[in-house]
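**Student:** Take a look at this one; I'll ask things after.
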Amino acid sequence: MNDDEKRARDEAGAAARGGTVALLERVADTIGLHAGASAVFGEPVERDGLTVIPVAQMIIGTGAGGGTSADDESGAGAGGGSVTRPLGYIEMGPAGALFRPIQQPWQNPTLIVSVAFAGLLVAKALRTLLRG
């Protein structure tokens, strides 16, 4: 490979890397448009002197890559996404503010133990019925 070919390859690689960075920035900006405070803290709801503000957790991820091939072709790609889940709400009233978490069923140890115990009882009953 002569000097001109090496320089062309290096320039193509630099353009691909620069394109990757620009593409990643565009993806992050697009996701960021939807990741403001209103996505995590919903609009307050007021009723009877009580204000409720929904609270959520948002996780954002992005990735990008690029490169050149042995044939001096270059390319780049990027992607990203986000996940939002409710955590609870802030209750504001005359007595002050209080965060109230939303319990998910799988986070309740009593429910997990109860379901496991019920499953064991059902399995034992089926075994007894099948033996006969």
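Yes/no per residue for (1) of a type in the set (Ser, Thr, Tyr); (2) open to solvent by 60 Å² or more (accessible area, probe 1.4 Å); (3) in contact (Cβ under 8 Å) with a residue 40 or more places away in the chain; (4) in contact with a Pro (Cβ under 6 Å, 6 or more places away or on another chain):
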| position | (1), (2), (3), (4) |
| --- | --- |
| Ala56 | no, no, no, yes |
| Gly61 | no, no, no, no |
| Asp71 | no, yes, no, no |
| Ala78 | no, no, yes, no |
| Arg85 | no, yes, no, no |
| Thr110 | yes, yes, no, no |
| Gly119 | no, no, no, no |
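**Student:** With (1) in contact with a helix residue (DSSP H, G or I) (Cβ under 7 Å, 6 or more places away or on another chain); (2) at pLDDT 75 or above as the list, and Ala76 as the residue in question, which single condition is left unmet?
**Tutor:** The one condition Ala76 does not meet is (2).
**Student:** Would it be correct to say that Val40 is at pLDDT 85 or above, within 27 Å of the chain's Cα centre (by Cα) and closer than 30 Å to Phe99 by Cβ?
**Tutor:** Spelling it out, it is not the case that Val40 is at pLDDT 85 or above, within 27 Å of the chain's Cα centre (by Cα) and closer than 30 Å to Phe99 by Cβ.
The values are calculated or read from the model by the stated rules, or taken from the named source; none is laboratory data. Small disclaimer: the values here were computed from a predicted structure and weren't measured. Reconstructed Cβ throughout: ideal geometry from the backbone, glycine too, with neighbour counts over all protein chains shown. Please note that ligands, DNA and RNA were not included when accessible areas were found on the heavy atoms of the full protein model with its side chains. Shrake-Rupley method; radii C 1.70, N 1.55, O 1.52, S 1.80 Å.
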